[in-house]
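The next block holds one structure in the form of structure tokens; read it before the comments.
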Amino acid sequence: MIFKSIFNRFRRVHSGIRLVLMVIWLIAVVQTKPEHLHYLIFWMLLQLPHMSVEPKKWGRQMLMAEPFLLFVGLSYLFVYRAPATYYHLTLTEGIWAFIALLLRGNLAVMGITAFVNAISMEGLADGMRWLKVPETFVLIMMQTYRYIGLMVQKVHQMTTAYCLRSGGKTGVHLDAWGSFPGQLLLLSLKQAEATHEAMMLRGYNPAASYIGISKIQISDLTDAIIWLLLFAAVPFVL
Amino acid sequence: MSVIKCEDLSFAYGTQRVLEGVSFHIEKGEKIGIIGLNGSGKSTLLRLMIGLLKAESGTMHVLGMPVQRENLKALHRRVGYVFQNVDEQLFMPTVYDDIAFGLKGTASADTVKESVESILKRFHIMHLRDKAPFQLSGGEKRAVAIATVMVMAPEIVLMDEPTEGLDARMRRKMTAFVKASPETFVISSHDSAFIRDICHRVIVLKTGHLIRIDTPEVLFNDFDFLEANELI
Ligand SMILES: Nc1ncnc2c1ncn2[C@@H]1O[C@H](COP(=O)(O)OP(=O)(O)OP(=O)(O)O)[C@@H](O)[C@H]1O
Ligand SMILES: [Mg+2]
């Protein structure tokens, strides 16, 4: 019960402030040294109130980052072979770097997914506007983001079209995969360009405001300060 | 008075010649159709009129101004363009925001609201007011896209395939709407019945050449010509 009310309280914090908090959190996480890895566990707990999706969906999103992290991390194993000792444990520098990368990487991804899931795209746009990100950029980003939905449909159509023509074989043959991401990238670039044209044609005026910016409440600030204090306390307490 | 004057216009995408030596004049209040096979250059011609593309040679004058960089702002205020692909035209979170977009900064909030609501009523799309444009059906998107352009009260309206994907009822409404509007319209379409109903004159493009410009009565009864150019 008490957790639930804390969760709900944090979810109402102004999205601009949350964006700032997330950036601070990311910088701290990414810069954690191997001897401070245990901070991450406590910082992770601090990220929990920001989450609002069911764990399954959230886990699936995080899994997508795994191949990339492993790919980068594995190369450390072979490159750094000198012994290193942290937490009374002697391993090679490469293994420590690998562990650190996995922990930090997953936590960074977790923070971003939690953030993106917890606030809507409109919320993010609001936050970015509050941080004085140029409106043109925000509008185009929102449109391109929405277009991702269409892109997913497009992938579905492309694979369906492919499968229908490949005589009932399921899945897409490896050969065809190479051109898919390229096609999607081109599509999204074309979409961003078209949106820009559509805006210009309707007399887009950079001086006028198209997206409202919501005001900050005192409670937003107090919540943010409490969170930051807890966050900063971790290295001192431990 | 000619509101659009196109003289010996040529255009190429890279090395692919798309328009060659195209000339015509369009008078104020005229409704002009552009027909031709797929890839004949209809959309390209419309994009040249609004300055989304730059002619390689020849000239295009719209409302007395050459279509050039320094005039584009003024032109975009007075000339509306409805995209062939409506997904590219709509980009705001809601239908209301999208229609209001072009008016923001030019009028007070109350005036904007009034104009948007009156256009929503005129197009019978009041019920879509708070929906996200990308969730609409094809025909609904088309109606909203046209509303976003008409709300700005343009003097010239360029429309690329406006009846694509419309059902009979919407199409009838569209016909009535264009007929009743006093503005100049330039409409590219494969829908010959629609073009025939609303246009004063029709431009026929074939692989980038203007091969004929005529009234629909004469053109659509010249079966030899239509057949020879695969238009029927
Ligand atoms: N962005 C582009 N880059 C390169 N070539 C293009 C581009 N857009 C169009 N083309 C080419 O230019 C030619 C004319 O295209 P355009 O879109 O003007 O045809 P259209 O008459 O509108 O056809 P449709 O009836 O199918 O809409 C086509 O051959 C097309 O392949
Ligand atoms: Mg076209």
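Extending 7 Å from the Cα toward the beta-carbon at both B:Glu164 and A:Ile216 defines two label points whose distance is 4.7 nm.
Between the alpha-carbon centres of the stretch B:109-136 and the stretch B:160-199 there is a gap of 21 Å.
For A:Ala194, the shell of other residues with beta-carbons less than 10 Å away shows a net charge of -3, using +1 for Lys and Arg and -1 for Asp and Glu. Helix B:109-122 sits at what angle to the longest principal axis of chain B, using alpha carbons and giving 0 to 90 degrees rounded to 10? Computed tilt is about 60 degrees.
In this view, the solvent-accessible surface of B:Lys206, computed with a 1.4 Å probe and all protein chains in place, comes to about 90 Å². Checking the cross-link pairs B:Lys179/B:Lys206; B:Lys104/B:Lys173; B:Lys141/B:Lys179; B:Lys31/B:Lys173 against a 23 Å limit on the alpha carbon distance flags B:Lys179/B:Lys206; B:Lys104/B:Lys173 as lying beyond it. The modelled label-to-label distance for the pair A:Val23/A:Ser75, using points 7 Å beyond Cα in the direction of Cβ, is 2.8 nm. Per-residue mean of foreign Cβ neighbours for B:130-136 is 1 (Cβ atoms of other chains, 10 Å radius).
Only protein atoms count toward the accessible area here, which uses a 1.4 Å probe; on chain B, the carbon and sulfur part of that area reaches 50 percent.
Excluding same-chain neighbours fewer than eight residues apart, the aspartates and glutamates reachable from B:Lys42 by a Cα-Cα span under 12 Å are B:Asp160, B:Glu161. Each peptide in A:35-43, B:82-90, A:77-85 gets a packing score, the mean of other Cβ atoms within 10 Å over its residues, and the list from highest to lowest is B:82-90, A:35-43, A:77-85.
Work out the FRET efficiency for A:Ala192 and B:Ser181 from their Cβ-Cβ distance, taking R0 = 56 Å, and round it to the nearest 0.05. Walk me through the intermediate numbers first.
Values: r = 32 Å, r/R0 = 0.58.
The calculated FRET efficiency here is 0.95.
Here the spin labels are modelled as points 7 Å beyond Cα on the Cα-Cβ line, and at A:Ile225 and B:Glu117 they lie 4.3 nm apart.
One decimal place: the segment A:Ile99-A:Val133 gains 8.7 nm when fully extended, by the rule 0.36 nm per residue minus the C-alpha distance. Once the Cβ-Cβ distance of A:Arg60 and A:Asn205 is raised to the sixth power relative to R0 = 51 Å, the FRET efficiency obtained is 0.75.
The values are calculated or read from the model by the stated rules, or taken from the named source; none is laboratory data. Since this is a predicted model, take the numbers as computed values, not measurements. Note that we place each Cβ from the backbone using ideal geometry, even for glycine, and neighbour counts take in every protein chain shown. The accessibility values were calculated without ligands, DNA or RNA, using every heavy atom of the protein model including side chains. Shrake-Rupley method; radii C 1.70, N 1.55, O 1.52, S 1.80 Å.
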